[in-house]
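Visitor: First, the structure itself, so that you have it in front of you.
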Amino acid sequence: MLNQIFSGRTRLITHLTGWMLVFFVFFYLISGLTGPQEALARTSVNMVFLLTLFYGNAKILVNRFFETGRYRWWLLLSAVFWLGMAALRTWTERNFFGGGIFRDIAAIPDGSGYRLFLGYALSFLLLLVFSALYQLLENRRELEARHAEAQLNYLKAQINPHFLFNTLNNIYAAATLQHPRTADMVLRLSDVLRYVTYDAQADRVPMGKEIGQIHAYLDLFRIKSEQALPIRFDIKGDTTNLEIEPLLLLPLVENALKHGDLEDNPDGFLHILLQNEPGRLLFEVENSFNPRNVQKDEIGGVGLENIRKRLELNYRGRHSFKTIRQSNTFKSMLELQVI
């Protein structure tokens, strides 16, 4: 997911890499003006102050005061922190190193404490502004990520009762007719419910699990029918190593069964195609339907809109999803970019 790019271990590695680069740049520049031992000492001291300023301002002043609306305290404490660190850095420079780095260069005036303080104050101010902007942007990104995750969980939660009600209706219809395979339908239902209840909580599942649930759902539909149904599920390409967001393909099949006319139309059909190509996964579901059947919900309904929202959250810029409705056929086409 895009919102995971700068989180967790990756964020830590990014910060460490950035600060290591800053360290070596400082060391390289200072070592050209003084000896390697002094350059190492000065660089180490600089890094201590830079890290303290950056994270102290970002994690304490910005997060605890600015982001909580205590702006006056934030301004006051930021000013104290900024000027205090500049004064402390000046004192450190004069007492441990005897003055500024340019003190032995005749062309540059000897850096008095006043000039050192102004130099550090200006550079520290720039760093504080940068760290504040960074933290504010980071906080907004995290809020968006949490909102997207909450919205995705909500959309997933909508699917569970949707599947449950439709499947229970199928089992109820079979039970009223005393269908001999009603027990098999209950067993299949338990498999589907286990998937939507437990496996669907994961961010990704192996493609084989999603395919298995499609087969289970198709079996549920076949069992309740007294006749062989023209259902075809073709899989092309190797899907062994693929992972996918759970319950992304299954609702398209459920939608086709719900709104199709397989049991009423001698020419009815349901064709499902899952095709894996290098960098591209294609899933197509095409079914016949009766346009005069107004008792069923509008084709697509909540299910397809749910999928559109989830694709926008998890596959933004990496998917194509469209539907084609003709006089008596409906086709859903989903294409995902895969690595």
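Coordinate-derived values only; no laboratory data. These figures come from a predicted structure and were not determined experimentally.
Visitor: If the reach is capped at under 15 angstrom between alpha carbons, list the aspartates and glutamates near residue 59, excluding any in the same chain fewer than eight residues apart.
Guide: Output for residue 59: 67, 138, 142.
Visitor: Another one. Would you mind giving the average projected area, over all directions, of the Cα convex hull of the range 179-337 in nm² with one decimal?
Guide: That works out to 9.8 nm², a quarter of the Cα hull's surface.
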